[in-house]
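The values are calculated or read from the model by the stated rules, or taken from the named source; none is laboratory data. Just so it is clear, the model here is predicted, and its values are computed rather than measured. Here the Cβ positions follow ideal geometry from the backbone for every residue, glycine too, while neighbour counts run over all protein chains shown. The protein model used for the area step is the full one, side chains on, heavy atoms only, and it has no ligands, DNA or RNA in it. Shrake-Rupley method; radii C 1.70, N 1.55, O 1.52, S 1.80 Å.
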Amino acid sequence: SLPAARDASIRGQFGLPTDGILLCSFGEAHKLDASMLRVWARILARTPAATLWLPRYNALAEENLRTHARQLGLAEDRLVFSPPALRCLGGKCTRHSGKGSLVLSDSEYLAAALAADIYLDTGPSVGSPLALASLMWAAVPAVTLAGERAVARTSASFLLAAADDGMGWLV
């Protein structure tokens, strides 16, 4: 019963906010630094109807992100973490047994491809080029900041290649 293309009206099926613009970023928690959070806070401040969707991290990482968001003047409901039903099949992880890298579940990629409006990369220090490429493959427009490290240049290269198709913006 899922559509073949992005459709904001299905967000409720995934437990995501149903109104406004849904930004997403799926880099691992260690890739989120204070400077990137400040950039995202400015984007959210200039886009009052937007929510930032992040993957479900461990409890400490999520609380630290919420605290930092509050310190940046963001309301707590502006950040949303993947609902448990999306994350590793409702907590019964089959991809990494709850250890190691927090890769996204197939359900999270499907939900993002169908429901997200814009993907925000974690660059320029440490980009998330594989997540960015996956979401671009699903035709989700993306934004990144070019940097000097190879991973940040990779994300920027993806967007430069896609710019002619109107898929990405390089800042």
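On the stretch given as the stretch 94-116, residues that are open to solvent by 50 Å² or more (accessible area, probe 1.4 Å) and either farther than 19 Å from residue 33 by Cα or at pLDDT 90 or above (or both) total 9.
Open to solvent by 10 Å² or more (accessible area, probe 1.4 Å) and either out of contact with any helix residue (DSSP H, G or I) (no Cβ under 6 Å at 6 or more places or on another chain) or modelled with pLDDT under 80 (or both): is that true of residue 130 in this structure?
Numbers: open to solvent by 10 Å² or more (accessible area, probe 1.4 Å): yes; either out of contact with any helix residue (DSSP H, G or I) (no Cβ under 6 Å at 6 or more places or on another chain) or modelled with pLDDT under 80 (or both): yes.
In short, yes.
Taking each residue of the stretch 118-146 that is at positive phi and in contact (Cβ under 8 Å) with a residue 40 or more places away in the chain and looking for partners that are of a type in the set (A, V, I, L, M, F, W, C) and not in a helix (DSSP H, G or I) with beta-carbon atoms closer than 9 Å, six or more apart or interchain, yields 139/5; 139/167.
Restricting attention to the stretch 56-68, does a residue exist that is of a type in the set (Val, Ile, Thr) and assigned to a helix (DSSP H, G or I)? Looking through the stretch 56-68, at least one residue is of a type in the set (Val, Ile, Thr) and assigned to a helix (DSSP H, G or I).
Are any residues in the stretch 16-27 open to solvent by 50 Å² or more (accessible area, probe 1.4 Å) and in contact (Cβ under 8 Å) with a residue 12 or more places away in the chain, and if so, which ones? If you could, list the steps in order and put the result at the bottom.
Of the residues in the stretch 16-27, the ones open to solvent by 50 Å² or more (accessible area, probe 1.4 Å) are 18-19, 21.
Answer for the stretch 16-27, where residues must be open to solvent by 50 Å² or more (accessible area, probe 1.4 Å) and in contact (Cβ under 8 Å) with a residue 12 or more places away in the chain: 19, 21.
For the stretch 69-93, taking the residues that are open to solvent by 40 Å² or more (accessible area, probe 1.4 Å), part of a loop (DSSP other than H, G, I, E, B) and within 24 Å of residue 11 (Cα to Cα), the one that is modelled with the lowest pLDDT is identified as 92. Taken over the stretch 32-68, the criterion of being open to solvent by 70 Å² or more (accessible area, probe 1.4 Å) and of a type outside the set (A, V, I, L, M) is satisfied by 38, 42, 46, 48, 56, 58, 63, 64.
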